[in-house]
Amino acid sequence: MTSSDHHFADRPGPDSEQPDDTVWTADRIRALGPVTDITTAARIFGLSRAAAYELAKRGQFPVAVLRFGSRYRIPVAAILHALHLPVADEQPPDPPPAT
């Protein structure tokens, strides 16, 4: 086995839970739309998928969870609020007209 084969074999498979290196900025979270799935919300909060589902089932997820049958949806505004981020892009006020 070559060293490159060894490194490839050590990599997690597509079905394994691995850390997500995505940087979640306020703009990126807002771009998700009005709601997102529980897996994405879990990544934002630094939770595993399994932990997120367990917390949601117990009513202990960090924000309100909407349940539609067997599907969970998380309001993006609630995520932003929990992270103390503005819900909408805050634009600076227009300067007063020159006199």
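The value given for segment 26-98 is a Kirkwood hydrodynamic radius of 13.3 Å, derived from the mean inverse Cα-Cα separation. Annotation: for a label point projected 7 angstrom from Cα along Cα→Cβ of LEU66, residues of segment 24-40 with backbone N closer than 13 Å are 33-38. Ranking PHE45, PHE61, PHE68 by solvent-accessible area of protein heavy atoms (1.4 Å probe, all protein chains present), from largest to smallest, gives PHE68, PHE45, PHE61.
The values are calculated or read from the model by the stated rules, or taken from the named source; none is laboratory data. Keep in mind it's a predicted model, so treat the numbers as computed, not measured. No Cβ is skipped: glycine too gets one built from the backbone with ideal geometry, and neighbour counts run over all protein chains shown. With ligands, DNA and RNA removed, areas are computed over all heavy atoms of the protein, side chains included. Shrake-Rupley method; radii C 1.70, N 1.55, O 1.52, S 1.80 Å.
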